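**Student:** The structure's right below; bear with me while I get my questions together.
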């Protein structure tokens, strides 16, 4: 089945869930990127913003990796590369945008590095999860069925 037909036949199936999650993640990214400091959480831990960048971009990368894995059948290094490029660009756009928000500083290299580390972590988590699911499917399929 071609990619356009997969997109056109988009129904609520196993592809829809990660795609919807990635769409929600993008919406949240836009919201957070355009938030003024008064709307942001209070910093309790040193470098908390870097931790939040890492965690947030890990989630986005995992949702994107799952979507690309199901839609384009990407696996291994090619999946990591595509996710890193897309998430890296989104992180860079986020940092670029923030310089125009009153009270925010943009173009923070450390924030972008945290985004990229999160991108690799998210793609890696998805890879591990997919391997575990495949392993459990193989184990489940190899069990003999007992007659009733």
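The values are calculated or read from the model by the stated rules, or taken from the named source; none is laboratory data. If you're wondering where the values come from, they're calculated on a predicted model, not measured in any experiment. With ideal geometry, Cβ positions are generated from the backbone for all residues, glycine too; neighbour counts draw on all protein chains shown.
**Student:** Test each condition in (1) exposed (fewer than 15 other Cβ atoms within 10 Å of the Cβ); (2) assigned to a helix (DSSP H, G or I) for residue 105 and report the one that comes out false.
**Tutor:** Of everything listed in (1) exposed (fewer than 15 other Cβ atoms within 10 Å of the Cβ); (2) assigned to a helix (DSSP H, G or I), residue 105 misses just condition (2).
**Student:** Just checking, which of 44, 51 is surrounded by fewer than 18 Cβ atoms within 10 Å (Cβ to Cβ), over 13 Å from the mean Cα position of the chain (by Cα) and within 21 Å of residue 27 (Cα to Cα)? Break it down into steps so the answer makes sense when it comes.
**Tutor:** Values: 44 fails: within 21 Å of residue 27 (Cα to Cα).
Result: 51 is the single residue among 44, 51 that is surrounded by fewer than 18 Cβ atoms within 10 Å (Cβ to Cβ), over 13 Å from the mean Cα position of the chain (by Cα) and within 21 Å of residue 27 (Cα to Cα).
**Student:** Same structure again: Select from segment 1-32 the residues that are surrounded by 13 or more Cβ atoms within 10 Å (Cβ to Cβ) and either modelled with pLDDT under 90 or not in a helix (DSSP H, G or I) (or both) and list them in ascending order.
**Tutor:** Matches in segment 1-32: 6, 15, 16, 17.
**Student:** Kindly evaluate residue 110 against the criterion of being touching a residue at least 40 places away in the same chain (Cβ under 8 Å) and under 11 Å from the mean Cα position of the chain (by Cα). Walk me through how you get there before you give the answer.
**Tutor:** Working: touching a residue at least 40 places away in the same chain (Cβ under 8 Å): yes; under 11 Å from the mean Cα position of the chain (by Cα): no.
Judged against the criteria, residue 110 is not a match.
**Student:** How about segment 33-75: which of its residues are without any contact (Cβ under 8 Å) to a residue 40 or more places away in the chain and assigned to a helix (DSSP H, G or I)? Give the derivation first.
**Tutor:** Quick first cut of segment 33-75, residues without any contact (Cβ under 8 Å) to a residue 40 or more places away in the chain only: 39-48, 52, 68, 73-75.
Listed by number, the residues that qualify are 39, 48, 52, 68.
**Student:** Residue check: is residue 118 at pLDDT 95 or above, within 25 Å of residue 27 (Cα to Cα) and surrounded by 13 or more Cβ atoms within 10 Å (Cβ to Cβ)? Show your work before the answer.
**Tutor:** On the way: at pLDDT 95 or above: yes; within 25 Å of residue 27 (Cα to Cα): yes; surrounded by 13 or more Cβ atoms within 10 Å (Cβ to Cβ): yes.
Yes; evaluated as a whole, the condition is true for this residue.
**Student:** Tell me which of these residue 84 doesn't satisfy, since it passes every other one: (1) out of contact with any helix residue (DSSP H, G or I) (no Cβ under 6 Å at 6 or more places or on another chain); (2) assigned to a helix (DSSP H, G or I); (3) modelled with pLDDT of 90 or more.
**Tutor:** Every condition holds for residue 84 apart from (1).
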